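Single-structure report; data block below.
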Amino acid sequence: MRDEPPYQPPPEDVLEIGAPEQFAALAHPLRQRLLFALGHRPATTSQLAAQLGAKKGNVAHHLKVLREAGLIHIAETRQVRGGTEQYYQRAARHMIVAHPQAAGTAAMLTAVAQELDRSPTDPHLTLRHLHLSPAKARELGETLTRLVDEAEESPEDQPLHGVLVTLYQQAPPAGTTNPA
């Protein structure tokens, strides 16, 4: 028997990360992993703890931080054995960090590194430096985003893959000026 939760809209397509509390929430690798885990379907604290190999109390604390930052919400509640079970869901399918900050970026990359380390297959990891005009850089960024957004997913019984896309302009060496 399910209790009706307060109405929660389906996740937005895109959430732009920009508030200080959102960056603070992203600054912990377990919170990043929780967001990854909630990427496709709602889950309870117990389910997430088991999936991530973490303590239930620790997961509950980090879910609270993510919820207060507006990155997740309670999608539904159920009565079980005299208690209430809450299912958490991401606030958006895609989260974009429009103006990355060092702490959030470091946490995100740390979480991705942990996921790469836990991968049962060899991951694809490429770093390449290209000389691009601003127009070509914008075009490449739009193409990469489109490729990820338009990727057709297989049924849920297939392995889950993570995709991190970044395009950045390197800072010029100390003592030089940027020609762009």
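The values are calculated or read from the model by the stated rules, or taken from the named source; none is laboratory data. Bear in mind that the values here come from a model prediction, so they are computed numbers and not experimental data. Methodologically, a virtual Cβ is constructed for each residue, glycine included, from the backbone with ideal geometry; neighbour enumeration extends over all protein chains shown. Remember, those area values only see protein heavy atoms, side chains included, never the ligands or the DNA or RNA. Shrake-Rupley method; radii C 1.70, N 1.55, O 1.52, S 1.80 Å.
Select, from His94, His99, His40, the only residue that is under 27 Å from Thr166 (Cβ atoms), in contact with a Gly (Cβ under 7 Å, 6 or more places away or on another chain) and not in a helix (DSSP H, G or I). I'd like the intermediate steps shown before the answer.
Values: His94 fails: in contact with a Gly (Cβ under 7 Å, 6 or more places away or on another chain); His40 fails: in contact with a Gly (Cβ under 7 Å, 6 or more places away or on another chain).
Only one candidate qualifies: His99.
Going by what's in this entry, would Gln101 be described as of a type in the set (S, T, N, Q) and in contact (Cβ under 8 Å) with a residue 60 or more places away in the chain?
When the stated conditions are applied, Gln101 passes them.
Against the conditions (1) out of contact with any helix residue (DSSP H, G or I) (no Cβ under 6 Å at 6 or more places or on another chain); (2) in a helix (DSSP H, G or I), where does Ala49 fall short? Just the number, please.
Result: Ala49 fails condition (1) only.
Exactly one condition in (1) open to solvent by less than 100 Å² (accessible area, probe 1.4 Å); (2) among the hydrophobic types (A, V, I, L, M, F, W, C); (3) in contact (Cβ under 8 Å) with a residue 24 or more places away in the chain; (4) out of contact with any strand residue (DSSP E or B) (no Cβ under 6 Å at 6 or more places or on another chain) is false for Leu132; which is it?
(3)
Somewhere in segment 89-98, is a residue open to solvent by less than 60 Å² (accessible area, probe 1.4 Å) and free of Cβ contacts under 8 Å to residues at least 60 places away in the same chain?
Our first condition is that a residue be open to solvent by less than 60 Å² (accessible area, probe 1.4 Å); within segment 89-98, this holds for 89-92, 95, 97-98.
Among the residues that remain, those that are also free of Cβ contacts under 8 Å to residues at least 60 places away in the same chain are: none.
Within segment 89-98, none of the residues are open to solvent by less than 60 Å² (accessible area, probe 1.4 Å) and free of Cβ contacts under 8 Å to residues at least 60 places away in the same chain.
Please work out which one of (1) at pLDDT 85 or above; (2) open to solvent by 40 Å² or more (accessible area, probe 1.4 Å) is the condition Met108 fails and give its number.
Evaluating Met108 over (1) at pLDDT 85 or above; (2) open to solvent by 40 Å² or more (accessible area, probe 1.4 Å) leaves (1) as the failure.
So, of the residues in segment 143-171 that are charged (D, E, K, R) and under 27 Å from His99 (Cβ atoms), which turns out to be least open to solvent (accessible area, probe 1.4 Å)?
In the first step, residues of segment 143-171 are kept if they are charged (D, E, K, R); the result is 146, 149-150, 152-153, 156-157.
Among the residues that remain, those that are also under 27 Å from His99 (Cβ atoms) are: 146, 149-150.
Working: Arg146: 114, Asp149: 88, Glu150: 133 Å².
If we take residues in segment 143-171 being charged (D, E, K, R) and under 27 Å from His99 (Cβ atoms), then Asp149 is least open to solvent (accessible area, probe 1.4 Å).
Looking at segment 81-107, which of its residues are aliphatic (A, V, I, L, M) and in contact with a Pro (Cβ under 9 Å, 6 or more places away or on another chain)?
Within segment 81-107, the first condition is being aliphatic (A, V, I, L, M), and the residues that meet it are 91-92, 95-98, 102-103, 106-107.
The answer is Ala91, Ala92, Ala107.
Given the conditions (1) loosely packed, with under 10 Cβ neighbours inside 10 Å; (2) farther than 25 Å from Ala24 by Cβ; (3) among the hydrophobic types (A, V, I, L, M, F, W, C); (4) within 17 Å of the chain's Cα centre (by Cα), report the number of the one that Ala174 does not fulfil.
So Ala174 meets the others, but not (4).
Of all the residues that make up segment 24-53, how many are without any contact (Cβ under 8 Å) to a residue 40 or more places away in the chain, open to solvent by less than 30 Å² (accessible area, probe 1.4 Å) and more than 15 Å from the chain's Cα centre (by Cα)?
Adding up the residues that qualify gives 1.
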